[in-house]
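Remarks on the structure that follows.
The values are calculated or read from the model by the stated rules, or taken from the named source; none is laboratory data. Just so we're clear, the structure is a prediction, and the values are computed from it rather than from any experiment. Please note: Cβ atoms are built from the backbone with ideal geometry, for glycine as well, and neighbour counts cover all protein chains shown. When the accessible area is computed, the model is the full protein with side chains, heavy atoms only, and any ligands, DNA or RNA have been set aside. Shrake-Rupley method; radii C 1.70, N 1.55, O 1.52, S 1.80 Å.
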Amino acid sequence: MPGPLAGLKVVELAGLAPAPFGCMVLADLGASVIRVDRLAGNVEVPVLGRGRRSIGVDVRRPEGAELVLRLVAGSDVLIEGFRPGVTERLGVGPAQCLARNPRLIYGRMTGWGQGGPLADRAGHDINYIAVAGALEPIGRAGSPPTVPLNIIGDFGGGGLLLAVGVLAALYERERSGRGQVVDAAMVDGAALLTTFLHGMASAGAWPGARGTNLLDGGAPFYDVYEAADGRFVSIGALEEKFYAKLLDVLGLAGAELPGRHDPANWPELRARIGAAVATRTRDEWAALAEGTDACLAPVLAPGEAAQHGHVAARGTFVEVGGVSQPAPAPRFERTPASAPSPPPMVGEHTVEVLGELGLDDAEIDDLRRSGVIG
């Protein structure tokens, strides 16, 4: 099946991590994405390039920029992930592209955004989430903040936010008939992801320092515990009825335990729960909790996740080009997405795409001889 975005045409200027992830999401859902690759290739995680076609173009040359503009003229979206001003200098910035196609949605993915004192400065995920207030709350009490991979800035607050912004702009275009620029910044997206935390703090439900609150590992009934085999289980028994089920599974029902609603009791309660968990292996606890509402689940490594019974039953992972990876999401009743195609080789579809633009073999050969295309 083609997916709900079938017919949407996207031009991607090849970059790193967040923008490719946003384009991957669009491609997963059926969009036709043409990635404009540098002739020397790209330093990128191959899985993020799935579902595309690739053309190799030297955009630094006027002839290469012109090819991008010709692509843009017949497309719905262009996505780039360079520092502010780079595409303008290349001749494929918003003004140049929108002049060719006033209905174009021009998606821009950066860390700091298109404006502000840091807009032209270098940075990475850890810097953006630090300034956004998303890094400081993560970690154990008395320890430095824990680096949460690059999921919050690059992907949740970056590429996924970019995809949402592009789709919102496309919806607005249906009414106005006009394109626009989407400024997706990881610092903005990371801050947006902390909205719930700000709400809890304003309600007095997040009173303590890092690692001492309800959802940051402070509460012993919402934490991770080591099992007998050195692996871990997650416990998230927040509500009373689920906490009661948890105690049943752990063999602690009826035991004299300190009250869980007083944080002063949390160290003792954590020790009791930890001692119980340490008596069995991770998978033994998972089996005991199966079919219950104890809110206990095994902590799986990424390579294990696809084999979990629930995950496997839903087909949450697929194999693409011999590599197991997450399947497209979310799911659609009438227009389900197809399985993704493997990432293309750089320039694999150059001749095919340029032919669709109306270039004949002689013109394509001239561009190749002059070094504009690979």
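The table below lists the values:
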| item | result |
| --- | --- |
| Residue check for ARG108: touching a residue at least 40 places away in the same chain (Cβ under 8 Å), of a type in the set (D, E, K, R) and touching a Lys or Arg at 6+ places or on another chain (Cβ under 8 Å) | no |
| Odd one out for GLU256, checked against (1) open to solvent by 70 Å² or more (accessible area, probe 1.4 Å); (2) touching a residue at least 24 places away in the same chain (Cβ under 8 Å); (3) over 32 Å from the mean Cα position of the chain (by Cα) | (2) |
| Failed criterion for GLY374 (all others in (1) touching a Ser or Thr at 6+ places or on another chain (Cβ under 7 Å); (2) over 30 Å from ALA65 (Cβ atoms); (3) of a type in the set (Gly, Ala, Ser) hold) | (2) |
| Every residue from the stretch 321-345 that is in contact with a strand residue (DSSP E or B) (Cβ under 7 Å, 6 or more places away or on another chain), in contact (Cβ under 8 Å) with a residue 40 or more places away in the chain and in a strand (DSSP E or B) | GLN325 |
| Candidates ALA278, ALA301, filtered to the one that is open to solvent by 40 Å² or more (accessible area, probe 1.4 Å), farther than 30 Å from PRO2 by Cα and under 22 Å from the mean Cα position of the chain (by Cα) | ALA301 |
| Residue in the stretch 244-263 that is of a type in the set (Gly, Ala, Ser), at pLDDT 95 or above and closer than 30 Å to ASP28 by Cα present | no |
| Pair list, Cβ < 9 Å and 6+ apart or interchain, from the stretch 44-66 residues that are within 13 Å of PRO342 (Cβ to Cβ) to residues that are open to solvent by 20 Å² or more (accessible area, probe 1.4 Å) and of a type in the set (Phe, Trp, Tyr) | LEU48/PHE21 |
| Residue count, the stretch 277-320 (criterion: more than 30 Å from ALA253 (Cβ to Cβ), among the charged types (D, E, K, R) and either in a loop (DSSP other than H, G, I, E, B) or in contact (Cβ under 8 Å) with a residue 24 or more places away in the chain (or both)) | 0 |
| Failed item, numbered, when LEU162 is tested on (1) open to solvent by less than 20 Å² (accessible area, probe 1.4 Å); (2) part of a loop (DSSP other than H, G, I, E, B); (3) in contact with a strand residue (DSSP E or B) (Cβ under 9 Å, 6 or more places away or on another chain); (4) not aromatic (Phe, Trp, Tyr) | (2) |
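Okay, residues lined up against (1) surrounded by fewer than 13 Cβ atoms within 10 Å (Cβ to Cβ); (2) within 28 Å of the chain's Cα centre (by Cα):
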| site | (1), (2) |
| --- | --- |
| GLY321 | yes, yes |
| SER324 | no, yes |
| PRO328 | no, yes |
| ALA337 | no, yes |
| PRO342 | no, yes |
| HIS349 | no, yes |
| GLU352 | yes, no |
| GLY358 | yes, no |
| ASP361 | yes, no |
